[in-house]
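Undergrad: Quick one: the structure is below, and I'll ask about it shortly.
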Amino acid sequence: MHVRSRKARWTVTAVVVAALLPLTSCGAPASTPPGSATLTLGVQAPPNSFDPVQLLEGQQMYIWSAIYDTLLYSDNDAVLRPNAAESWQYSDDARKLTLKLRSGMKFSSGAPVTAAAVKTTIDRTKTTPGPLQSNLGSLQSVEAPDDGTVVLNLSRPDPNLLGSLAQGNGVIGDPATLTSPNTALDPVGSGPYTLDRQATVNGSKYVLQRRVDYWNAAAYPAKTVTVRVIPDRTALFNALLSGEVDAGSVDANQAQAAQKAGLTLKRVDGTAVGEFVLADRGGKLAPALADVRVRRAINMAFDRKKIVDKIIGGLGQPTTQMFNPKSPAYIPELNDKYPYDPAAARRLMAEAGYANGFSLTIPANVMSQMVQPTITQALADIGITANWKPVPPQDGTQTGEYPVYFNIAGTVPAPRTVNSKLAPAGSTNPFKFQTPELNALIDKAAATTDADQAGEIYRQINTYVVDNAWFAPLFTSSSNWVTRGKVTFLGTGANPLSTIRTFDAGK
């Protein structure tokens, strides 16, 4: 089987993150019998919908990724593997992607999974407004030349496409039920589980039953999976202690109590990044930010180690870069680029003509509350006055109304980080700032289908962004996962996707 693919390293907050259990390219051995264990997970939010065009990432993926197969699969090390598509290959210009489907797959309805079903699902996602639609911006058309072949024709090379096909954009719905109103609550998919509607209570409990006819059932040791929605962190912790749930994430101050109670604790690093985004790099609202010396001075104003120790309770690591620490783009040495040095920062400010400082208006929301005093003091130490303006949680970052903002974002694969934060049309590049040098690197990475070559280009991108201080990242945060009994959490932080294959449920 020839597979020409790009490795992808994998949104979530600092509270909940999950990764995937590795799978060999052709699945688990057929001789391995499916397990009969049960697994109960505790999460904080229910799914919004099971309609393929409305799927969201995060904890909701625990449920829908068990009901729907995805074309590709991202393993525990964030390497893309075959799944419903047993192979894939790009054309030389990276504008045509051909996928060969695994034979013999069936929907839970008994209907066969065909290339026409894949085409119908993807076409519907591309033409229907929803959270996944923008991921298909490069897609021109989908072809199904035979039952086992799908061809995606692109307007331009798209390094995010393969990763998207391992997530919501890669699900396969039964064309006979896709447009039914029932799909939102009672979906028909080709995945390893079906939703037990009688046992499920929408919004609070979702019960999944493993399909005995699934092609890769051995990769799913739990016969029954129950996902309980427990929004309150203390209530979730108590449910772990009492045995009502087998696995869940806990806060830093609950970790020690969990260990004392005999539960298994696993810390997963690098799940999210806290960043002070210097968005107005062209100086449209804040002219001083157009000077790289000012942006570098801001980076040197922060005592990152103290922020990690005092604000997030040591549950993280200082950083000056926005990429996942396990991403091929990550360069440990770059974390030494901006040591905490307010005196040197003030000298840079003076060299740039801002010895008397200036003011910045910064949006204040739930995300920024914990760091506002620290940011205010750090900026004041180098002559910058922070004026915080309260805004709703959804405002203040992507509107272009504020020159800087603080954000906590899940660490995602390098292509997606570049696409959202650095590309001119990126969703978190509100001023559409760009430079010819960086654009050239982005275009080069997009057209590269060799994993090693792509990794080197992403390292060059990372170096350029840190050197030019496009951001002032402060920390990467970690998650504490607690499990009980024979349940084991397998995530490493390389892959933040939330699927039940993150867990080994035991025998």
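Undergrad: Could you do me a favour and compute the accessible area per residue for segment 71-161, 1.4 Å probe, result in Å²? Walk me through the numbers on the way to the answer.
TA: Numbers: 3570 Å² over 91 residues.
With the other protein chains kept in place, segment 71-161 gives 39 Å² per residue.
Undergrad: Can you give me the relative contact order of segment 41-152 as a percent, contacts being Cα pairs under 8 Å and 6 or more apart? It would help to have the intermediate numbers written out before the result.
TA: On the way: 148 pairs, mean separation 25.4, N = 112.
RCO, segment 41-152: 23 percent.
Undergrad: In Å², and per residue, what accessible area does segment 272-478 have when probed at 1.4 Å with the other protein chains present?
TA: Values: 8160 Å² over 207 residues.
That works out to 39 Å² per residue.
Undergrad: Expressed as a whole number of Å, what is the distance separating the alpha-carbon centroids of segment 194-230 and segment 405-428?
TA: 33
Undergrad: Once Lys and Arg get +1 and Asp and Glu get -1 on their Cβ, which of Thr271, Ile230, Gln254 lies farthest toward the positive end of the dipole of segment 215-358?
TA: In segment 215-358, that residue is Thr271.
Undergrad: From the phi angles alone, apply the Karplus equation (6.51, -1.76, 1.60; θ = phi - 60°) to segment 137-149 and give each ³J(HN,Hα) in whole Hz, x where the residue is Gly or Pro.
TA: Karplus values, whole Hz, x for Gly and Pro: x, 8, 7, 8, 7, 10, 10, 10, x, 8, 4, x, 10.
Undergrad: For segment 298-319 and segment 433-467, what is the centre-to-centre distance using only Cα atoms, to the nearest Å?
TA: Taking the Cα centre of each part, segment 298-319 and segment 433-467 sit 27 Å apart.
Undergrad: Calculate the spin-label point distance for Ser155 paired with Ala45, positioning each point 7 Å from the Cα along the beta-carbon direction, and give it in nanometres.
TA: 2.9
Undergrad: Can you give the extra length, in nm with one decimal, that the chain gains between Arg267 and Lys106 once fully stretched, where that is 0.36 nm per residue apart less the Cα-Cα distance? Don't jump to the answer; show the numbers that get you there.
TA: Numbers: separation 161, 0.36 × 161 = 57.96 nm, distance 3.78 nm.
Going from the current span to full extension adds 54.2 nm.
Undergrad: Okay, next question. Using θ = phi - 60° and the Karplus relation 6.51 cos²θ - 1.76 cosθ + 1.60, list the HN-Hα couplings for segment 418-432 in order, rounded to whole Hz, with x at every Gly or Pro.
TA: Coupling constants for segment 418-432: 5, 5, 8, 9, 10, 5, x, 9, x, 5, 10, 10, x, 9, 6 Hz.
Undergrad: Quick one: net charge of Thr374's neighbours, Cβ under 13 Å, K/R +1, D/E -1?
TA: My count for the surroundings of Thr374 gives +1.
Undergrad: Next question. Taking every DSSP beta bridge that has both residues in segment 272-478, what percent is antiparallel when rounded to the nearest 5? Walk me through the intermediate numbers first.
TA: Values: 15 of 22 bridges.
That works out to approximately 70 percent antiparallel.
Undergrad: What order, most packed first, do the peptides 165-176, 263-274 have when packing is the mean number of other Cβ atoms within 10 Å of each residue? Could you put the intermediate results ahead of the total?
TA: Details: 165-176: 24.4, 263-274: 21.1.
With the highest mean Cβ count within 10 Å placed first, the list reads 165-176, 263-274.
Undergrad: Also: Taking the alpha-carbon distance from Lys305 and a cut-off under 19 Å, which aspartates and glutamates remain once sequence neighbours fewer than 8 residues away in the same chain are dropped?
TA: In chain and number order, the partners are Asp269, Glu275, Glu333, Asp336, Asp341, Asp381.
Undergrad: Report the one residue of Thr125, Tyr330, Val292 whose Cα lies farthest in the direction of the positive end of the charge dipole of the chain (charges on C-beta: Lys and Arg +1, Asp and Glu -1; origin at the Cα centre).
TA: Tyr330
Undergrad: Using the Cα atoms as the points, what is the convex hull volume per residue of segment 159-225 in Å³? List each step's numbers first, then the result.
TA: Working: hull volume 8.9 nm³, N = 67.
Here the figure is 133 Å³ per residue.
Undergrad: So if I place +1 on the C-beta of Lys and Arg and -1 on the C-beta of Asp and Glu, and nothing else carries charge, what would the dipole magnitude of segment 113-214 be about its Cα centre? I want it in debye, nearest 20. All intermediate terms of the calculation are to be shown ahead of the outcome.
TA: Values: 8 positive and 9 negative charges, 67 e Å.
Roughly 320 debye, rounded to the nearest 20.
Undergrad: Set the Förster distance to 41 Å, then compute FRET efficiency between Thr127 and Glu351 from the Cβ-Cβ distance, nearest 0.05. Before the final figure, lay out the partial values.
TA: Numbers: r = 53 Å, r/R0 = 1.29.
The pair Thr127/Glu351 has a calculated efficiency of 0.20.
Undergrad: Same structure again: For segment 355-502, taking Cα atoms only, what is the radius of gyration to one decimal and the Dmax to the nearest whole Å?
TA: Radius of gyration, then largest Cα-Cα span, for segment 355-502: 18.6, 61 Å.
Undergrad: Here is a follow-up. Work out, step by step, the length gained on full extension between Asp147 and Arg233: first 0.36 nm times the residue separation, then minus their alpha carbon distance; give nm to one decimal. Before the final figure, lay out the partial values.
TA: Working: separation 86, 0.36 × 86 = 30.96 nm, distance 4.71 nm.
Stretched out fully, the Asp147 to Arg233 stretch lengthens by 26.2 nm.
Undergrad: Using alpha-carbon pairs under 8 Å, 6+ residues apart, how would you state the relative contact order of segment 361-426 in percent?
TA: On the way: 56 pairs, mean separation 25.8, N = 66.
Reported as a whole number, the value is 39 percent.
Undergrad: Tell me the mean residue ellipticity at 222 nm calculated for the chain from its helices only (DSSP H runs of n ≥ 4, each -39500 (n - 2.57), averaged over every residue, nearest 500). Could the numbers behind the result be given before it?
TA: Numbers: 12 runs with 115 residues, N = 507.
My calculation for the chain gives -6500 deg cm²/dmol from helical runs alone.
Undergrad: Let me ask something else. Would you work out the relative contact order for segment 272-478, in percent, from Cα pairs under 8 angstrom that are 6 or more residues apart? Walk me through the numbers before you get to the answer.
TA: On the way: 379 pairs, mean separation 78.9, N = 207.
Relative CO of segment 272-478 lands at 38 percent.
Undergrad: Taking the simple approach of a point 7 Å from Cα along Cα-to-Cβ for both Ala440 and Leu185, what is their distance in nm?
TA: Once both label points are built, they end up 5.8 nm from each other.
Undergrad: Run the dipole for segment 272-478 about the Cα centre, Lys and Arg Cβ at +1, Asp and Glu Cβ at -1, nothing else charged, and hand back the magnitude in debye, nearest 20.
TA: For segment 272-478, the charge dipole is close to 300 debye.
Undergrad: Then there's this: From the phi angles alone, apply the Karplus equation (6.51, -1.76, 1.60; θ = phi - 60°) to segment 380-391 and give each ³J(HN,Hα) in whole Hz, x where the residue is Gly or Pro.
TA: Going residue by residue, I get 4, 5, 10, x, 9, 8, 9, 10, 7, 10, x, 9 Hz, with x marking Gly and Pro.
Undergrad: So how much accessible area does Asp93 have, in Å² to the nearest 10, using a 1.4 Å probe?
TA: Approximately 90 Å² of Asp93 is accessible to the 1.4 Å probe.
Undergrad: Shifting gears a bit: Can you work out D for segment 272-478 in µm² s⁻¹ from Stokes-Einstein, where Rh is the Kirkwood radius over C-alpha pairs, the temperature is 37 °C and the viscosity is 0.692 mPa s? Show your work: numbers first, answer last.
TA: On the way: Rh = 17.1 Å.
Calculated translational D: 192 µm²/s.
Undergrad: Dipole size in debye (nearest 20) for the chain around its Cα centre, Lys and Arg Cβ +1, Asp and Glu Cβ -1?
TA: Magnitude of the dipole: close to 560 debye.
The values are calculated or read from the model by the stated rules, or taken from the named source; none is laboratory data. Quick caveat: nothing in here was measured; it's all calculated off a predicted structure. Methodologically, a virtual Cβ is constructed for each residue, glycine included, from the backbone with ideal geometry; neighbour enumeration extends over all protein chains shown. Heavy atoms of the whole protein, side chains included, go into the accessibility calculation; ligands, DNA and RNA do not. Shrake-Rupley method; radii C 1.70, N 1.55, O 1.52, S 1.80 Å.
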